[in-house]
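What follows draws every value from the coordinates through simple rules; no lab data is involved. This is a predicted model, so every value here is computed, not measured. Backbone-built Cβ (ideal geometry, glycine too); neighbour counts: all protein chains shown.
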Amino acid sequence: MHPIVKTFTTPDGLKNLIFHFPVHWRALKVRLFADKDFYKPLGKEKNDYDRYFQEIRGDELNIYLEKELEIFSKIKGKTVRGCEYSSGAISRQHGHCIYVLVRMLKPEKAVETGTANGYSTSFILKAMERNKKGMLYSIDFPEIEGKEYSPDDFYREKGGAVVPKNKTSGWLVPDELRARLKLFTGRSQDVLPGLLSELGEIDLFFHDSEHTYMAMMEEFNIAWRHLKDRGILLAHDVNWNKAFTDFGKKIKTQPFFIDGSLGFLIK
Ligand SMILES: C[S@@+](CC[C@H](N)C(=O)[O-])C[C@H]1O[C@@H](n2cnc3c(N)ncnc32)[C@H](O)[C@@H]1O
């Protein structure tokens, strides 16, 4: 069933719509005013932008990742918070946008929080491989399928993103893309400060870990201090709360929205 039909016709869908109304409302608002041609604020060429999209749309990485993710059709169960297990991966369209952004930006050092199974990680690394440049430092505090947790091991609003038992964060990343990846396990609150002070300046920061107002603000504050001039702070699920827009106001920088849930700030 299409997700929109499901929203209006099933009790869980309706419950979700009512309880998460502010989240859906924020997504709709930014969707209506999205900066779809995001090469413009980045000051890049439309030709390159179109070429990079074409490059990734036709890449076999898409089929590889989706085939590997089929494992989730056999993974049944719920987290201790009552969410159905899922891969938690960003959409293919978001993967392509992030790929294009990395192709245009050509970062030397990029940091990601929220590796999970490694879907977004794979697109960043694919772009770095084509750029022949860049290292990605990715942090994850994974929830493992079938492992027993107490309700406050993870934040209350966390969805069902899990890493299958017998796998580790980032397992989806194809072997040939791993040379540019360094993985860190732990809460970003604990790992990010030390990692950033070791790295000094970074070119790109991508948030997709704990989507609480406090954790997002904490990540944005520290990442911003380490971003180079013209560096990019990219965030997923920016509609979950007001952290991303509030942070933009705080640093007096205009946020750009690729769509309702993916936004970025340019330093
Ligand atoms: C939505 S998933 C990320 C999906 C991933 N970007 C992809 O496209 O495949 C979020 C991940 O962040 C992890 N996480 C939750 N809280 C965290 C925290 N405080 N620090 C680091 N990772 C966290 C979750 O367990 C999960 O693995």
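Summary table
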| quantity | calculated |
| --- | --- |
| Amide H contacts under 5 Å for residue 144, placed H, 5+ residues apart | 163 |
| Segment 35-266 pair-distance distribution - Cα-Cα, 5 Å bins, rounded % | 1, 6, 15, 19, 21, 17, 12, 6, 2, 0, 0 |
| Dipole in debye (nearest 20) - segment 35-266, about Cα centre, beta carbon charges: Lys, Arg +1; Asp, Glu -1 | 360 |
| Packing-based order for 211-221, 132-142, using average beta carbon neighbours within 10 Å, highest first | 132-142, 211-221 |
| Built amide H within the under 5 Å cut-off of residue 158, gap 5+ | none |
| Additional length obtainable on full extension of the chain from residue 54 to residue 70, 0.36 nm per residue less Cα span | 3.3 nm |
| Ellipticity estimate at 222 nm from DSSP helix runs (n ≥ 4, -39,500 (n - 2.57)) divided over the chain, nearest 500 | -12500 deg cm²/dmol |
| Segment residue 106-residue 84, extension gain: residue separation times 0.36 nm, minus the distance between their alpha carbons | 4.2 nm |
